[in-house]
Structures are given as C-alpha cells and as structure tokens.
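Peer 1: First, the structure itself, so that you have it in front of you.
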Amino acid sequence: MNCEQIAELLPDYLQDSLGHDQRAMVEAHLQSCDQCGEEVALWQKLSLLPEEQPSPALRARFKATLDAFQEGCSERRGVAKEKRSLLSGLLGGGWLRMPAAGLAWAVLLLVIGFLAGRSMNSPSATSTPDMAKLQSDLADMRRLVTLSLLQQQSASERLQAIAQATAWSMSEQHADPKVLAALVHTLHSDSSVDVRLAAVDALGRYHNQPEVRKGLLDALQGRQSPMVQVALIDLMVDLKDSSVVPQLKKFEQDRDVNPDVRKHAQWGIRQLI
Amino acid sequence: MSQVRSGVGEMLGVLFDRYQMPLFNFFYKLTGNRTMSEDLVQEVFFRILKYRQSYRPGTPFRAWMYQIARNTRVDFFRKQRPEVSWEPEMEPVVMPGDSAQQKQETDMLYRALLQMPEEKKEVLILSRFQGLKYEEIAQLLGCEVNTVKTKVHRALQELRELFHKPGSQRSGKGTRLEGTIGS
C-alpha cells in the first residue's frame with residue numbers, strides 16, 4: 001500500500017480502531033516508510049507532554065464566584081420581598097379601611113395595583129428566581145450531571161451516576177423522563193454488566209411508566225448477559241408483571257439460551273401464571 | 001429554598017471536579033498561557049450553568065462542553081483590546097526522570113505544537129489529549145467524521161514539518177519510536 005492509501009487508515013490506526021487485517025497492513029507500511037512512521041511516532045510522543053495542573057487558586061475563585069452568584073440571587077429576591085411587604089403593608093393598613101370617599105380609595109387602590117404590577121414586572125423582579133424556578137434549575141443541573149456521568153469511560157463513575165440519579169429521583173415526586181431514557185439506553189448498551197445490573201435496579205422503581213416497562217422488556221429480548229437476564233426476570237416476578245411470560249416461554253423452549261436463564265425462566269413462569 | 005439553591009451550586013461543583021483538569025489542559029495546550037487558561041475554565045463553568053438547557057440528552061456531553069469551551073475562547077479574544085496580546089509563556093516541560101535527550105525532544109515537540117495553526121492544533125489536542133472520539137469531534141466541529149480524520153492526518157503532517165523546521169534546535173531525521181499502536 002502507498003502513503004495515500006495508508007492515510008485513509010492512519011487516523012483509525014492512531015485510535016486503535018482498525019480490524020486485525022487493516023492494522024497489519026498499516027504496520028507493514030510503517031516499517032518501510034520513514035515519513036508515515038515518524039507521524040505515528042510523533043503521535044505517540046505527544047503523550048509525553050505532561051498533563052498540567054491548574055493552580056489551587058482556580059478552585060478558590062470558582063467557589064468564590066459561585067458563592068457570589070448564589071448571594072446575588074438571594075439579594076435580588078430580598079429586594080423583591082421588601083417591595084412586596086411594603087405593598088402589602090400599605091394595602092393591609094387600617095388607614096385604608098377608614099370611612100371616606102369610596103371612589104377615591106378605589107382609584108388609589110387601582111393606582112397602587114398598577115404600580116405594584118409594574119414593580120413586580122421590573123427587570124430585577126422578573127429575574128428573581130422563585131421556588132419553582134430554582135427547583136427547575138436544580139432539576140436541569142442534576143440531569144446534566146447525571147447524563148454527563150453516564151457517559152464517562154470508567155464503569156465506577158457510571159455506577160455512581162446511577163446511584164445519584166436513584167437518590168435524587170427518590171427525593172422528587174417525578175423522575176426526569178430524560179434521565180430515565182438515558183438509563184434505558186444504559187441498560188441496553190453499556191459495556192459493563194455491573195452498570196447494566198445497576199440500571200435494572202434503578203429502572204425497576206419506574207416500572208409503572210410505559211417507556212421504562214418497554215425498555216425493560218426489550219432488554220430481556222435483546223442480546224444480554226445471563227446475569228442481566230436473570231436480574232430482569234427477578235424484577236418482573238417481583239413486580240408481578242405477567243406480560244413477560246411469552247418471552248419467558250421462548251427462553252424455556254430455546255436450547256441456545258443459557259441453562260441458568262432457562263431454569264430461571266421456568267421458575268418465573270410458575271410464579272406469574 | 002436555600003437548600004435548593006445550594007443544590008444547583010453543588011451540581012456545578014460536581015462538573016467542576018470532573019472537568020476542570022481536562023478543560024484547563026485544553027486551553028493551556030491551545031494557548032500556552034496558564035493565567036488565561038484558568039480564566040477561560042472559570043468562564044466555561046458559568047456558561048454551562050447559563051446554557052444548561054441547550055444540552056440535548058442523548059448527544060455526547062463532552063462535545064457540548066467543548067463547544068462551549070471553543071465559543072468562550074473565541075469571545076475572549078474578540079473582547080480583548082488589540083494592544084493586549086497573549087503570548088505563550090513557553091514554560092519548560094519538566095518531567096522528573098527523563099534523560100536530557102528526552103527533555104529536549106519533549107520541549108521541541110511542545111514548541112512545534114504551539115506553532116501550529118489554531119485549527120490543526122485544536123483537532124490534534126481534542127483527539128490526542130482530550131481523548132475525544134472522531135465522532136465527538138465531528139459533532140463539535142459540525143462536519144463529517146471523515147473530514148475529522150483528514151484534519152487529524154494533516155495536523156500530524158504539519159506537526160512533523162514544524163518539528164523538523166530549521167531553528168527548532170534539531171538536526172538529523174527520524175526519531176522513530178519502536179512499538180505500535182495498541183501493542
């Protein structure tokens with residue numbers, strides 16, 4: 001092969017994603033071509049450049065800015081609260097109930113109401129996060145963190161993401177559908193059996209949601225490790241979900257299925273019928 | 001209420017712990033300037049907080065984060081007054097235990113990297129140091145995966161040329177390392 005043909009394969013070779021034959025072809029070329037060989041050597045040498053540490057000041061500055069950001073939120077809220085209490089003081093004051101010209105008071109109240117409305121809609125007031133806004137901020141950030149951790153290369157970090165997602169969702173009334181979708185994806189495609197097993201546990205709590213239920217059933221039908229299949233059967237039996245029975249019958253009759261899974265499927269059928 | 005508010009900060013803290021190092025190294029290898037890199041890292045995290053809803057679940061998080069990082073850098077340079085120039089600090093690359101020759105080669109490699117045009121340097125840093133897959137870089141740059149592969153190859157060719165450029169304190173040719181990828 002010449003350099004031009006190798007050039008098409010070289011980037012995949014650098015990320016170690018070529019098949020055996022193509023890799024052998026590239027390596028044969030590298031033995032005979034100084035130029036391409038040196039490019040690969042330089043790629044490898046780049047790993048000699050050390051990973052630099054930011055100064056400790058970066059973390060301190062981050063924390064300080066974060067604190068200021070949070071205090072900024074509470075200050076703005078404080079200002080809005082003062083405005084509201086002033087208005088309620090005016091509106092609730094006994095002097096308003098004094099017998100006087102009713103029409104004049106009504107006009108005054110209208111004016112105050114108008115001003116109050118303007119005041120509440122002023123930029124400082126609208127940017128004040130109320131509880132709902134803060135809750136939604138928190139949900140957004142939790143989702144972002146969970147989804148980013150589920151994409152980590154290390155299985156232990158992905159396990160941590162599932163544990164955190166479970167803990168957070170237990171403290172809330174509704175699980176985040178996007179996080180649930182990511183967990184279903186993890187159950188189907190994560191490279192680690194441990195992570196997929198953790199996903200089974202986490203998703204079991206949301207079995208009442210149609211997408212989760214479908215995801216669990218699909219995972220049982222797909223190509224899975226026997227451990228995950230057994231865990232899924234256990235879960236369905238615990239949840240008394242008899243919709244899984246047809247799939248368990250298939251397992252029971254399929255000689256290619258792992259013997260432990262078949263035995264477990266037979267047990268599951270007995271429990272559910 | 002304050003619990004919820006500190007929860008938002010805590011979440012940002014989790015991302016900071018996880019990504020401050022890779023982001024710092026991304027900026028530092030691009031610019032060669034430590035102070036500016038730290039400023040940029042700081043800014044990225046607050047943009048993550050600000051633009052968190054623009055992340056689309058199901059897409060690579062890192063591609064989204066580095067997109068923010070790239071935009072942060074572009075904006076930073078746009079805001080700089082023209083008279084302020086950020087020169088690379090060109091700190092010597094110190095690695096204990098290296099031979100004198102290794103130290104010299106590493107230093108030359110670092111200089112060659114810093115001299116590369118931005119676009120090529122960036123693609124090399126993302127793929128080699130930040131560990132992004134070509135698919136993620138393609139998403140980040142808004143191009144085809146094959147285009148990314150071509151860019152990586154061209155960047156390596158340029159790095160080789162700069163490494164051998166007269167004046168880069170190097171004579172002779174060929175510093176082939178023995179060994180192959182994945183072996």
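The values are calculated or read from the model by the stated rules, or taken from the named source; none is laboratory data. Just so it is clear, the structure is predicted and the values come from calculations on it, not from any experiment. So basically every Cβ, Gly included, is an ideal-geometry build from the backbone, and we count neighbours across all protein chains shown.
Peer 1: Mind listing just one residue for me: the one in segment A:133-174 that is within 18 Å of B:Leu12 (Cβ to Cβ), of a type in the set (S, T, N, Q) and surrounded by fewer than 20 Cβ atoms within 10 Å (Cβ to Cβ) and, of those, modelled with the lowest pLDDT?
Peer 2: A:Gln135
Peer 1: Another question, then. Can you tell which of B:Leu15, B:Leu40 is within 24 Å of B:Leu141 (Cβ to Cβ), out of contact with any Cys (no Cβ under 8 Å at 6 or more places or on another chain) and more than 7 Å from chain A (Cβ to nearest Cβ)? Spell out how you get there, then give the answer.
Peer 2: Details: B:Leu15 fails: more than 7 Å from chain A (Cβ to nearest Cβ).
B:Leu40 is the lone residue from the list that is within 24 Å of B:Leu141 (Cβ to Cβ), out of contact with any Cys (no Cβ under 8 Å at 6 or more places or on another chain) and more than 7 Å from chain A (Cβ to nearest Cβ).
Peer 1: Looking only at segment A:113-132, decide whether some residue is in a helix (DSSP H, G or I) and at pLDDT 70 or above. Explain how you work it out, then say what you get.
Peer 2: Let us first name the residues in segment A:113-132 that are in a helix (DSSP H, G or I), namely A:113-121, A:123-126, A:131-132.
Now narrow it down to the ones that are at pLDDT 70 or above: A:131-132.
Within segment A:113-132 (the criterion being in a helix (DSSP H, G or I) and at pLDDT 70 or above), the answer is yes, since at least one residue qualifies.
Peer 1: Report yes if B:Tyr55 is within 8 Å of another protein chain (Cβ to nearest Cβ), more than 28 Å from A:Leu49 (Cβ to Cβ) and at pLDDT 85 or above, otherwise no. Spell out how you get there, then give the answer.
Peer 2: On the way: within 8 Å of another protein chain (Cβ to nearest Cβ): yes; more than 28 Å from A:Leu49 (Cβ to Cβ): yes; at pLDDT 85 or above: yes.
Here the answer is yes, as B:Tyr55 does meet what is asked.
Peer 1: Could you grab me the full set of residues in segment A:8-23 that are without any contact (Cβ under 8 Å) to a residue 24 or more places away in the chain and surrounded by 12 or more Cβ atoms within 10 Å (Cβ to Cβ)? Spell out the reasoning first.
Peer 2: At the first step, the residues of segment A:8-23 found to be without any contact (Cβ under 8 Å) to a residue 24 or more places away in the chain are A:8-9, A:11-12, A:15-23.
Matches in segment A:8-23: A:Glu8, A:Leu9, A:Pro11, A:Asp12, A:Gln15, A:Ser17, A:Leu18, A:Gln22, A:Arg23.
Peer 1: So which residues in segment A:242-259 are among the charged types (D, E, K, R) and either part of a helix (DSSP H, G or I) or on the phi > 0 side of the Ramachandran plot (or both)?
Peer 2: Within segment A:242-259, A:Lys249, A:Lys250, A:Glu252 meet the criteria.
Peer 1: Something else: What number of residues within segment B:124-143 are at the interface with another protein chain (Cβ under 10 Å from one of its Cβ atoms) and closer than 19 Å to B:Gln157 by Cβ?
Peer 2: Residues flagged as at the interface with another protein chain (Cβ under 10 Å from one of its Cβ atoms) and closer than 19 Å to B:Gln157 by Cβ within segment B:124-143 amount to 6.
Peer 1: Another question, then. Name the helices (runs of 4 or more DSSP H) wholly inside segment B:63-146 in which the number of residues that are modelled with pLDDT of 90 or more and under 25 Å from B:Arg18 (Cβ atoms) is 2 or more.
Peer 2: Values: elements: B:100-115, B:118-124, B:134-141.
The qualifying helices (runs of 4 or more DSSP H) are B:118-124, B:134-141.
Peer 1: Looking only at segment B:42-62, count how many residues are within 23 Å of B:Glu135 (Cα to Cα) and assigned to a helix (DSSP H, G or I).
Peer 2: 7
Peer 1: Related question: Please list, ordered by first then second residue, the pairs with beta carbon atoms under 8 Å, 6 or more apart or interchain, first in segment B:101-120 and touching a residue at least 24 places away in the same chain (Cβ under 8 Å) and within 12 Å of chain A (Cβ to nearest Cβ), second polar (S, T, N, Q) and not in a helix (DSSP H, G or I).
Peer 2: The qualifying pairs are B:Gln104/B:Gln169; B:Glu105/B:Thr175; B:Met108/B:Ser168; B:Met108/B:Gln169; B:Arg111/B:Ser168; B:Ala112/B:Ser168.
Peer 1: Same structure again: Name the residue that is nearest to B:Arg78 (Cα to Cα), counting only residues in segment B:16-45 that are surrounded by fewer than 23 Cβ atoms within 10 Å (Cβ to Cβ) and of a type in the set (Lys, Arg).
Peer 2: Result: B:Arg34.
Peer 1: Here's something else I'd like to know. May I ask you to list the residues in segment A:44-56 that are assigned to a helix (DSSP H, G or I), facing chain B (nearest Cβ under 7 Å) and either small (Gly, Ala, Ser) or more than 18 Å from B:Pro22 (Cα to Cα) (or both)? Before the answer, list the steps.
Peer 2: Of all residues in segment A:44-56, those assigned to a helix (DSSP H, G or I) come to A:44-48, A:56.
Subsequent filtering for residues that are facing chain B (nearest Cβ under 7 Å) retains A:44-46, A:48.
Correct list: A:Gln44, A:Lys45.
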